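Heads up: the structure comes next, in structure tokens.
Every number in this text was worked out from the coordinates using simple rules, so none of it is lab data. These numbers come from a predicted model, not from an experiment. When we count neighbours, we look across all protein chains shown, and the Cβ atoms used for this are built from the backbone with ideal geometry, even at glycine.
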Amino acid sequence: MLPIADVLIVTAIVFSLSLVGIVLNRHNLIVLLMCVELMLLAVNTNFVLFAHYLNDTAGEVFVFFILAVAAAEAAIGLAILILIFRHKRTINVDDLDLLKG
Amino acid sequence: MHEIIYALVLFPLLGSVIAGFLGPQIGRAGAHWVTIIGVGVSFVLSCLLFKGIVMDDGATLNFNAYTWVASCSFQFDVGFLIDHLSVTMLVIVTFVSLLVHIYSIGYMHDDPGYQRFFAYISLFTFMMLLLVTGNNFFQLFLGWEGVGLVSYLLISFWFSKNAATSGGLKAFLVNRVGDFGMILGMGAILTFFGTIDFASVFAQAPAVAAHTTFAIFANTPWSVVSIICILLFIGAMGKSAQVPLHIWLPESMEGPTPISALIHAATMVTAGIYMVARLSPLYELSSAALSFILVIGATTALFTGIVGVVQNDIKRVIAYSTLSQLGYMVTALGVSAFSAGVFHLATHAAFKALLFLGAGSVILGMHHEQDMRKMGGLAKYMPITYVTFLIGALSLAAIPPFSGFYSKDAIIEAVHLSTMPGAHYAYFAVVAGAFVTALYTFRAVFMTFHGKPRMDAETKSHLRESPWVVWLPLVILAVPSAILGALWIQPMLFASDPMLGQAITVDPKYDVLKQLGTHFHGVWAMAAHSVVTLPFWFAIAGVAVAWVFYIWKPHWPAKVVKHSRWLHFILIKKYGFDDFNDLVFVRGTKRMANFFYNVCDREIIDNGLVNGSGRLIQSMSLYLKRMQTGYMYHYALAMIIGVLVFLLWQVLIN
């Protein structure tokens with residue numbers, strides 16, 4: 001039986017890495033999407049972990065939901081990415097400041 | 001009976017409204033007819049009342065017409081008090097007003113504002129009637145302000161003339177200073193008496209005077225009645241043009257001459273005299289207020305008269321003589337000779353209206369030239385004007401047996417007998433004033449009607465007597481100017497059943513007229529006795545000096561001026577009242593206003609508060625707008641930092 005703290009540390013590291021990936025990544029939108037997936041995975045792992053330790057299946061149900069949403073999100077994200085590329089001929093994150101309005 | 005009073009007061013208003021609003025429809029003749037009929041009805045009704053109340057000694061009428069304002073414990077009514085005093089005033093006002101209406105037909109003949117003029121003077125008559133018939137302070141004040149308003153409108157009647165509009169403004173503003181005292185006095189009456197009805201105030205007055213004091217400064221209790229009386233008298237000082245609030249009256253001469261006669265000589269300016277006489281039960285309770293009145297009146301009587309000697313505008317000379325005569329009336333009030341004040345008011349109304357209308361006739365003949373240095377020798381061309389003007393002048397100069405002699409001599413003798421503090425000074429002032437009065441009056445007569453003609457040939461060729469509508473009022477006014485004094489002195493001042501009846505209350509210890517009455521042996525004896533009195537010889541001396549300086553040795557005045565330049569300068573500057581006011585009040589106010597405008601308004605409010613908050617927001621937003629970069633990872637980071645902060649916060653709380 002793995003000690004819960006070890007698993008939590010691993011997931012926290014994965015989450016932090018993905019966060020750093022989102023913030024520091026200045027070039028590739030695909031990396032950004034990957035980091036988002038990674039973040040969701042870290043959270044999923046936590047859900048599974050707590051579900052196991054607390055003997056509550058609700059956490060595992062959540063994981064299914066999140067996986068489904070993540071799959072959809074990846075599909076839509078990639079679609080948006082392709083559209084952005086078609087539109088702007090770049091997937092460089094630094095050039096994408098349309099949210100400024 | 002009540003209907004008579006309503007009709008008496010409202011008819012001039014009716015005439016005014018018709019002439020004012022329907023001017024173009026009824027035309028010029030319509031305007032003067034409708035107003036003359038209105039005032040004529042008032043005059044006839046006043047005479048009826050005079051017969052009924054004064055001559056047949058009818059009962060005093062005091063009734064409320066309706067409640068105007070009722071607010072918790074206070075009630076303001078519109079009501080009328082018709083007693084001997086108000087009926088006497090009614091007759092004087094409507095008589096002079098009627099004559100001035102008639103006179104104006106001739107004087108204003110070519111004026112484009114003909115209907116407007118008649119509407120105004122009728123409105124004035126209405127306001128004046130309201131003032132003298134009111135049975136409470138509120139109505140008195142309404143009339144008081146009403147006549148002030150019409151005075152303003154009429155002084156600036158020729159509104160395209162700069163001097164006229166500024167003269168009107170000055171009259172209005174100076175009167176506001178007086179009204180300030182008036183309003184405070186009325187407020188004090190409401191506070192301490194709880195009512196503003198004359199009768200109830202007088203009933204309570206002795207009790208209030210005996211017990212109520214009021215500390216303006218800590219630990220110095222003042223008698224409430226003294227404070228009220230002085231405050232109300234400040235109102236009278238504004239309206240009756242007493243020093244130092246007299247400065248507006250000479251400027252008011254910019255208005256048409258009939259107005260100067262009606263408003264600024266015969267009626268409106270005597271409103272202050274009327275008010276003090278009406279409130280005699282109150283004033284008798286305060287010797288401090290009486291002394292104050294006495295000193296102010298005596299100062300006005302002498303010093304404004306002296307200024308009249310150096311004026312060259314015929315209307316201004318008469319204006320200064322009005323100031324001086326008002327000073328005499330106020331002096332009479334100050335020595336508790338209220339009846340003598342009202343008596344002088346009556347005779348003055350006649351002879352001063354006559355003098356003004358005579359001056360107007362001269363001005364008409366001279367084609368609106370008012371400078372006496374360009375007149376001279378007019379007696380030959382305008383005989384009726386000359387004779388009537390001369391009667392007015394003799395009356396004003398107090399030459400027996402003309403009206404002015406009786407009223408003015410009564411005042412001088414009353415002041416002589418008075419023991420009021422300040423009476424010695426006042427006696428000196430009124431006796432010296434007798435000389436000055438005769439001097440400036442006859443200076444005007446000699447410069448205008450005698451000597452060599454000094455006008456240009458063009459004017460001279462057009463000189464002739466004015467039309468009958470102008471000279472008829474002069475002749476009518478000359479009659480009371482000559483005989484009113486002899487007729488009224490006995491019933492007004494010395495009769496056991498005096499003409500003013502119970503309207504005047506005099507404390508026996510101040511009753512100088514009663515003492516004077518013991519020496520009174522009929523009007524002719526009084527006139528004959530005057531030749532051994534000082535004021536008579538002073539008046540004769542005044543006439544003689546005027547004759548020497550302006551007929552016999554016409555080059556002397558210039559010599560005197562040369563040798564007493566500083567005195568002449570002071571008089572030309574009118575003791576510097578205008579300059580003082582200009583320096584302190586006008587420029588002081590302007591400077592202060594500039595300070596508030598530049599510093600408080602523009603700097604603090606506009607620049608500091610209004611623009612400042614705008615600038616603050618702008619500079620803050622300069623920083624804040626950099627936060628919106630549009631990069632998604634910035635937002636993500638902000639979100640995560642936010643979540644972390646919340647988590648940390650939760651952890652720290654628990």
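List of remarks:
- Förster radius 41 Å - calculated FRET efficiency between B:LYS380 and B:PHE180, Cβ distance, rounded to 0.05: 0.20
- Over chain A, the pair-distance histogram of Cα-Cα distances with 10 Å bins from zero comes to 15, 36, 29, 15, 5, 0 percent, rounded to whole numbers.
- As a length-normalised measure over Cα pairs under 8 Å and 6 or more apart, the relative contact order of chain B settles at 12 percent.
- Label-zone membership for the stretch B:48-70, site B:PHE202, 7 angstrom Cα→C-beta point, backbone N under 20 Å: B:49-65
- Applying D = kT/(6 pi eta Rh) to the stretch B:277-366, where Rh is the Kirkwood radius over alpha-carbon pairs, T corresponds to 20 °C and eta to 1.002 mPa s, the Stokes-Einstein value obtained is 154 µm²/s.
- Estimated 222 nm signal from helices in chain B, with DSSP H stretches of n ≥ 4 weighted -39500 (n - 2.57), rounded to 500: -22000 deg cm²/dmol
- The stretch B:311-365 and the stretch B:524-602: distance between their alpha carbon centers, rounded to Å: 16
- Dipole in debye (nearest 20) - the protein assembly as shown, about Cα centre, beta carbon charges: Lys, Arg +1; Asp, Glu -1: 2720
- For the stretch B:493-509, 3J(HN,Hα) per residue [Karplus equation, 6.51 cos²θ - 1.76 cosθ + 1.60, θ = phi - 60°, Hz, x = Gly/Pro]: 9, 10, 5, 5, 10, x, 5, 7, x, 7, 5, 9, 10, 10, 5, x, 6
- The order of the peptides B:591-603, B:28-40 by mean Cβ neighbours within 10 Å, most packed first, is B:28-40, B:591-603.
- What separates the Cα centres of the stretch B:408-459 and the stretch B:638-654 is a distance of 98 Å.
- Per the Kirkwood formula applied to alpha carbons, chain B shows a radius of gyration over Rh ratio, Rg over Rh, of 1.14.
- Residues B:ASP507 and B:SER160, FRET efficiency given R0 of 51 Å [Cβ-Cβ distance, rounded to 0.05]: 0.45
- Each stretch of four or more DSSP H residues adds -39500 (n - 2.57); spread over every residue of chain A, this sum gives -27500 deg cm²/dmol at 222 nm.
- Sequentially through the stretch B:475-489, phi angles give Karplus couplings (6.51, -1.76, 1.60; θ = phi - 60°) of 5, 5, 6, 5, 5, x, 4, 8, 10, 4, x, 5, 6, 9, 4 Hz, Gly and Pro residues having no value and appearing as x.
- Net lengthening on full extension, A:LEU78/A:ALA12 (0.36 nm per residue, minus Cα-Cα): 21.1 nm
- Most tightly packed first, judged by the mean number of other beta-carbon atoms within 10 Å of their residues, the peptides B:86-95, A:49-58 read B:86-95, A:49-58.
- C-alpha center-to-center spacing [the stretch A:52-90, the stretch B:35-85] in angstrom: 99
- Within 10 Å of the Cβ of each residue in A:89-96, the mean number of Cβ atoms contributed by other protein chains is 1.
- Relative contact order for chain A: 30 percent, from Cα pairs under 8 Å spaced at least 6 residues apart, divided by residue count.
- Net charge of neighbours whose Cβ lies under 15 Å from the Cβ of B:ASN611, counting Lys and Arg as +1 and Asp and Glu as -1: -1
- Each label was represented as a point 7 Å from its Cα along the Cα-to-Cβ direction; for B:ASP497 and A:ASP97 these points are 10.9 nm apart.
- Maximal additional length on extending the B:ILE604-B:ALA638 stretch stands at 8.2 nm, based on 0.36 nm per residue less the C-alpha distance.
- Gain on full stretching of the segment that runs from B:THR60 to B:LEU534 - 0.36 nm per residue minus C-alpha separation: 166.6 nm
- Placing unit charges on the Cβ atoms of the charged side chains and taking the dipole of the stretch B:1-146 about its Cα centre, the candidate lying farthest along the positive direction among B:HIS2, B:HIS32, B:SER73 is B:HIS32.
- Mean partner shielding of peptide B:627-635, defined as the number of other chain Cβ atoms within 10 Å of each residue Cβ, is 5.
- Here the stretch B:3-47 is treated as a sphere whose radius is the Kirkwood value from Cα pairs; by Stokes-Einstein at 4 °C and 1.567 mPa s it diffuses with a coefficient of 125 µm²/s.
- Which listed pairs, of B:LYS380/B:LYS460; B:LYS352/B:LYS374; B:LYS452/B:LYS553; B:LYS161/B:LYS460; B:LYS170/B:LYS574, have C-alpha distances above 18 Å, in listed order: B:LYS352/B:LYS374; B:LYS161/B:LYS460
- For the pair A:GLU37 and B:SER613, a Förster radius of 30 Å applied to the C-beta separation gives a FRET efficiency near 0.05, rounded to the nearest 0.05.
- Relative packing of peptides B:510-523, B:550-563, B:298-311 - highest average C-beta neighbours within 10 Å first: B:298-311, B:510-523, B:550-563
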